[in-house]
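Q: Handing you this structure, nothing more for now.
Rule-based calculations on the coordinates, nothing more; no lab input. Predicted model, so just to flag it, every value in this text is computed and none were measured. In this analysis, Cβ positions are derived from the backbone assuming ideal geometry, glycine residues included, and neighbour counts consider all displayed protein chains.
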Amino acid sequence: MVLNGPNLNLLGLREPQIYGSVTLEQIDRDLVEEGNRLQVQVSCLQSNHEGVLVDAIHQAREQSQGILINAGAYTHTSVAIRDALAGVKLPTVEVHLSNIYQREAFRHHSYIAPIAIGQISGFGVESYRLGLQALVHHLRNQK
Ligand code: DQA
């Protein structure tokens, strides 16, 4: 399951000098395509609401084997999303379009990183594709 947090629905319009010009729709399409290549089913959800993301993580427990998440600003603020991810215990990869460590200090801390398998940050839309590959690689090596 691919989860995107607040303001990521504005990709393409939003601060293109930081986030590029590709829309979230395009990113989702590319991930479904990459999933087909890797022979995994990818489902994507974006929400601007913390509780909706928490509910989606709970649902993933029944429906998904792993989570790829760009929690947007909630990365830096949400104990609730971190607790949900820790609670369902699904392998999680955290991704960011921008390199959060090159930016403002408040973006340097991630609540998600300590409970994720790993984090990919700074490769633009490629972060998502790399993240999906890393997640699938992890799941296949686990078995
Ligand atoms: C982001 C980085 C966050 O700091 C920011 O709040 C976002 C996008 C990224 O993908 O680079 O919304 O997660």
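Q: Using alpha carbons only, how many angstrom separate the centre of the stretch 22-66 from the centre of the stretch 104-139?
A: For the stretch 22-66 versus the stretch 104-139, the Cα centre distance is 14 Å.
Q: Separate question: Rounded to a whole number of µm²/s, how large is the Stokes-Einstein D of the stretch 2-142 at 20 °C and 1.002 mPa s, given Rh as the Kirkwood radius over C-alpha pairs? Working shown, then result.
A: Numbers: Rh = 14.9 Å.
Reported coefficient: 144 µm²/s.
Q: What's the local net charge at Ile120, with K and R +1, D and E -1, over the other residues with C-beta under 10 Å away? Could the numbers behind the result be given before it?
A: Values: positive: Arg129; negative: Glu94, Glu126.
That sum, taken over residues with Cβ under 10 Å, equals -1.
Q: For each of Glu25, Glu104, count neighbouring Cβ atoms within 10 Å of the residue's Cβ, then give the residues from fewest to most.
A: Glu104, Glu25
Q: Below 8 Å between Cα atoms, with a sequence gap of 6+, how large is the relative contact order for the chain in percent? Before the final figure, lay out the partial values.
A: Details: 237 pairs, mean separation 37.5, N = 143.
After rounding, I find 26 percent.
Q: Amide H neighbours of Cys44 under 5 Å, counting only residues 5+ apart in sequence or on other chains, H built in-plane at 1.01 Å?
A: Val2
Q: What dipole magnitude, in Debye to the nearest 20, does the stretch 23-139 give about its Cα centre under +1 on Lys/Arg Cβ and -1 on Asp/Glu Cβ?
A: Working: 8 positive and 12 negative charges, 54 e Å.
About 260 debye.
Q: Assuming 0.36 nm per residue, please report the length gained on full extension of the stretch Arg103 to Gln133 beyond their Cα-Cα distance.
A: Numbers: separation 30, 0.36 × 30 = 10.80 nm, distance 2.57 nm.
This chain segment gains 8.2 nm when fully extended.
Q: Hey, another quick one. Of all DSSP beta bridges in the stretch 2-142, what percent run antiparallel (nearest 5)? Spell out each step's value before the answer.
A: Working: 0 of 13 bridges.
Restricted to the stretch 2-142, the bridges split so that about 0 percent are antiparallel.
Q: Please compute the net charge surrounding Lys89, taking Lys and Arg as +1 and Asp and Glu as -1 over other residues with Cβ under 12 Å from its Cβ. Provide the component values of the computation, followed by the final result.
A: Details: positive: Arg61; negative: Asp83.
Around Lys89, the charge tally is 0.
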